[in-house]
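The values are calculated or read from the model by the stated rules, or taken from the named source; none is laboratory data. It should be emphasised that the depicted structure is a prediction, and the values quoted were computed from it without experimental measurement. Backbone-built Cβ (ideal geometry, glycine too); neighbour counts: all protein chains shown. Only protein heavy atoms, including side chains, enter the accessible area calculation; ligands, DNA and RNA are left aside. Shrake-Rupley method; radii C 1.70, N 1.55, O 1.52, S 1.80 Å.
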Number of protein chains: 2
Amino acid sequence: MVKLVALYKKPNDPDSFDRHYSDTHVPLISKWPGLRKVEVGKVTGAIDGEAPYYQIAEMYFEDMDALKTALRSPEGRAAGADLQSFAPGLVTMLYVDVSS
Amino acid sequence: MVKLVALYKKPNDPDSFDRHYSDTHVPLISKWPGLRKVEVGKVTGAIDGEAPYYQIAEMYFEDMDALKTALRSPEGRAAGADLQSFAPGLVTMLYVDVSS
């Protein structure tokens, strides 16, 4: 299993961000081919100092081929374009191989 | 459900890090009271540029009280001390409220 992990820094307007994320972005992601699971969480704090992120979203796939196929699909490109519209510069996207 | 997310920067000696993590650190975490699930993954890349992290570990609990009870327990303190021994300065620990 692999996942695409999106680490979001704190947006200037969290309410507007949250609304767009749940009403528009999640429905776009939900259409990705091969998507097995999505897990979204709000960062509520850090053990040391201030948390460097506001939200973490994880999109799970069977393997890296399936993940990359989803990103290249029309549905993947639509979500990417949407991301640029409401969270430019806020997100770090990591490919992660889930080992356990 | 909540989770403690540990974001590890790349260690100087990844082989030694991996060995200590799997042979010593994971067994210590596994003893945490209230722990529901652990998911560990290796970062294999990023969509833009170089990935800022090497590994992501997520420890799941029923709620924040259970998570903080685990961290304060002897088993939590043992894992914290171990972390300082093999990954000082490498890890960012976030509290995350899993919303979906």
- Item | Three principal axis lengths of segment B:53-99 [C-alpha, angstrom, descending] | 29, 27, 11
- Over its alpha-carbon atoms, the protein assembly as shown yields an Rg and a Dmax in Å of 16.9, 51
- Task: Using a 1.4 angstrom probe, figure out how much accessible area the protein assembly as shown has per residue, in square angstrom, rounded to the nearest whole.
- Result: 49 Å²
- Full-stretch length increase - residue A:38, residue A:97 - with 0.36 nm per residue and alpha-carbon distance subtracted: 19.7 nm
- Item | Nearest-ten-degree value, helix A:74-86 long axis tilted from longest Cα axis of chain A | 10 degrees
- Order B:47, B:29, most accessible first, counting only protein heavy atoms with a 1.4 angstrom probe. B:47, B:29
- Note the distances from residue B:80 to each other copy's matching label point, with points 7 Å along the Cα-to-beta-carbon direction, in nm, sorted shortest first. 4.3
- Fraction of the pair-distance distribution of segment B:1-40 above 17 Å, Cα-Cα pairs, percent: 38 percent
- Once normalised by the length of chain B, the mean sequence separation of its alpha carbon contacts under 8 Å that are 6 or more apart gives a contact order in percent of 50 percent
- Can you pull out the GluC sites (Glu not before Pro) in segment A:22-100 that DSSP calls coil and that have at most 13 other Cβ atoms within 10 Å? A:50, A:62
- Task: Report the extension gain between residue B:46 and residue B:31 in nm, rounded to one decimal, defined as 0.36 nm multiplied by the number of residues separating them, less their alpha carbon distance.
- Result: 2.2 nm
- Note on the structure: Proximal lysine pairs in the protein assembly as shown, meaning Cα under 15 Å and 8 or more positions apart or interchain, come to 12
- Apportionment of accessible area to carbon and sulfur, the protein assembly as shown, percent (1.4 Å): 49 percent
- Task: Over both sides of the B-A contact, add up the buried accessible area with a 1.4 Å probe and give it to the nearest 100 Å².
- Result: 2400 Å²
- Item | With eigenvalues of the C-alpha gyration tensor scaled by 5 and rooted, chain A, Å | 22, 18, 10
- So what are the ³J(HN,Hα) numbers for segment A:13-22, from phi and the Karplus equation (6.51, -1.76, 1.60; θ = phi - 60°), rounded to whole Hz, Gly and Pro as x? 10, x, 5, 5, 4, 4, 5, 5, 4, 6
